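The values are calculated or read from the model by the stated rules, or taken from the named source; none is laboratory data. Model, not experiment: these values are computed from the prediction. Here the Cβ is made from the backbone with ideal geometry for all residues, glycine too, and neighbour counts use every protein chain on show. To get the accessible areas, we keep the full protein, side chains included, count just its heavy atoms, and leave off ligands, DNA and RNA. Shrake-Rupley method; radii C 1.70, N 1.55, O 1.52, S 1.80 Å.
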Amino acid sequence: GQLPSWLQGTLLRNGPGMHTIGDSKYNHWFDGLALLHSFTFKNGEVYYRSKFLRSDTYNCNIEANRIVVSEFGTMAYPDPCKNIFAKAFSYLSHTIPEFTDNCLINIMKAGGDFYATGETNFIRKINPQTLETLEKVDYNKYVAVNVATSHPHYDSAGNVLNMGTSIVDKGKTKYLLFKIPSSVPEQEKKKSCFKHLEVVCSIPSRSLLHPSYYHSFGITENYIIFIEQPFRLDIVKMATAYIRGVSWASCLAFNKDDKTWFHFIDRKTKKEVPTKFYTDAMVLFHHINAYEEDGHIVFDVIAYTDNSLYDMFYLKNLSNDFEENIKLTSIPTCKRFVVPLKYDKDAAVDSNLVTLSSAATAVKEKDGNIYCQPEILCEGIELPRINYDYNGKKYKYVFATEVQWSPVPTKIAKFNTQTKEMLHWGQDNCWPSEPVFVPSPDAKEEDDGVVLTCVVKTDPKDPPFLLILDAKTFTELGRATVNVEMHMDLHGMFIPQQDVKAETE
């Protein structure tokens, strides 16, 4: 096929790429050592390269020829000769463990630099052209967080907004929203943008020892949206996991009888909206988008009724016949919540406060809390992406992978949130990854551009390829076949040519 001439830049992808080291194996697919890969578009041609992230974790494991650094689903024991008392002592001296820097989930831009990110307090700077691993950044040096999301947001000035959890710090557990500036003052050019990191606001956790797990958050023009879900980390269990010989993943628990609380932070005042909004128990990983309309916040998420998704990816479950063996007990559901921030304070109890035309409701209760029920937009999509120029604004299109009862995507989809129409691309024995939308330079409409996705084939002898689709029609424009073994990955970003520093080719 042919690529549009304007498509110039690099698609960077990140995900787990090595699950066996020497005789040791990781338990979980999300634990594998990070493998970066890139597709560079230049004058109608595509160049591919891949490289393992040379994290401290990678180096220690390779040197020992076995897994010596613990990951979320795999606990590692560095020295089997140590007796239990020495182990216990060394462990109790740091309740919150020293986490891995195997940043395998996403790519983030901060300042003019690019970083591989995971969900711990560490990120790794990388060179987007050579995929070389550069310095390690510890968020904890600049803000008191033990974990942070790998789905930050970017404002119009290029500042990064992200969230992390501060666990039992000075007797409190809280969620911190922080901002990393896009540039530093002229006189401090040698300093990193992290030195100027500022905490925008903090939200106390409803429980000191059971903070909510979250993978992303939402943003509109004036508000930050944080969802505190009843899928929680048990800090006491986590602190003793090493001694008990279990993984940290076993310290996560979902309570289906609990509520899911919505927090809205005013970006100007940095204060939380005092009204308490909630919905039924749900588990979510990905926010899609959010916007404001007539005094309401409208936000779209992909939610589950349980936490079975994480369990699916234990490697023992991902055997050859996993399609027959594993079925999600909860299909991902695209839910739209409509939350009235400005409503009649004298409204009757049990009345629906939503005045927009939507199937979503928000019902006032006796105690002043507001119970929200979503409109179901569609089912069976995950890894959602949008045209990021519409982030925080009213929008139409979601580009996503399509999953049915198995967690591994079989198609990619374009979903119209207004008409509910869906377009698909899929082929037999093809497993696509998260689709990334790239707008065309003279775009007039939201879907003017292309969609990029890496496709892995079932048969290892069939080479994988990068697929380029017209985002409007979802017709194939071209594919670039890569004659190497490629792995399914998680997330990534497209970097336009002008944003990649002009380093020597």
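Observations on the model:
- Solvent-accessible surface (1.4 angstrom probe) belonging to Y343, in square angstrom, nearest 10: 40 Å²
- In terms of its C-alpha gyration tensor, the stretch 131-178 comes out oblate, because a/c is 1.5 or above while a/b does not outweigh b/c.
- Förster-model FRET efficiency, 45 Å R0, D442 and K25, C-beta, rounded to 0.05: 0.35
- Subset of K170/K268; K268/K345; K270/K366; K191/K268; K141/K191; K136/K190 violating a 18 Å alpha-carbon distance limit: K170/K268; K268/K345; K270/K366; K191/K268
- Pairs from K174/K316; K51/K179; K256/K364 whose Cα-Cα separation, in the structure shown, is over 28 Å: K174/K316; K51/K179
- Sequence of W431, W6 from largest to smallest accessible area, 1.4 Å probe: W6, W431
- Couplings for the stretch 168-184, taken from phi via the Karplus curve 6.51 cos²θ - 1.76 cosθ + 1.60 with θ = phi - 60°, read 6, 9, 6, x, 10, 10, 9, 9, 10, 9, 10, 10, 10, x, 6, 8, 10 Hz in order; Gly and Pro are left as x.
- Gap separating the Cα centres of the stretch 330-393 and the stretch 125-158, nearest whole Å: 32 Å
- Counting only residues at least eight positions apart within a chain, or on another chain, the lysines with an alpha carbon under 24 Å from that of K420 are K335, K393, K394, K396, K411, K444, K472.
- Per-residue Karplus couplings for the stretch 199-208, computed as 6.51 cos²θ - 1.76 cosθ + 1.60 with θ equal to phi - 60°, are listed in order as 7, 7, 6, 10, 10, x, 5, 5, 9, 4 Hz, Gly and Pro entered as x.
- Once the C-beta distance of V484 and D344 is scaled by a Förster radius of 41 Å, the resulting FRET efficiency is 0.10 to the nearest 0.05.
- Along the axis of the charge dipole computed for the chain (Cβ charges of +1 for Lys and Arg, -1 for Asp and Glu, origin at the Cα centre), the listed residues N121, G380, W29 are led at the positive end by N121.
- Accessible surface of H19 - all protein chains present, 1.4 Å probe, nearest 10 Å²: 40 Å²
- Net charge over other residues, Cβ less than 13 angstrom from the Cβ of D367 (K, R count +1; D, E count -1): +2
- Distant alpha-carbon pairs in the stretch 217-286 (separation over 17 angstrom), percent: 56 percent
- Proximal charge balance of G478 [Cβ under 13 Å; K/R count +1, D/E count -1]: -2
- Computed from backbone phi, the HN-Hα couplings of the stretch 280-290 come to 5, 4, 7, 10, 9, 10, 10, 6, 9, 6, 8 Hz, rounded to whole numbers (Karplus: 6.51 cos²θ - 1.76 cosθ + 1.60, θ = phi - 60°; Gly and Pro given as x).
- Charge dipole of the chain about the Cα centre (unit charges at C-beta), most positive-ward option of N369, F39, A347: N369
- Solvent exposure, largest accessible area first (probe 1.4 Å, DNA, RNA and ligands not counted), of D155, D101, D459: D459, D155, D101
- P(r) weight above 39 Å for the stretch 9-499, C-alpha pairs, percent: 21 percent
- Under 14 Å from the F52 label point (7 Å along Cα→beta-carbon), backbone N, the stretch 117-139: 133
- Solvent-accessible surface (1.4 angstrom probe) belonging to S247, in square angstrom, nearest 10: 20 Å²
- Ranking T333, T458 from most to least accessible surface, computed with a 1.4 Å probe over the protein chains only, gives T458, T333.
- Protein heavy-atom surface of the chain, 1.4 angstrom probe: 50% of the accessible area is carbon and sulfur, with nucleic acids and ligands not counted.
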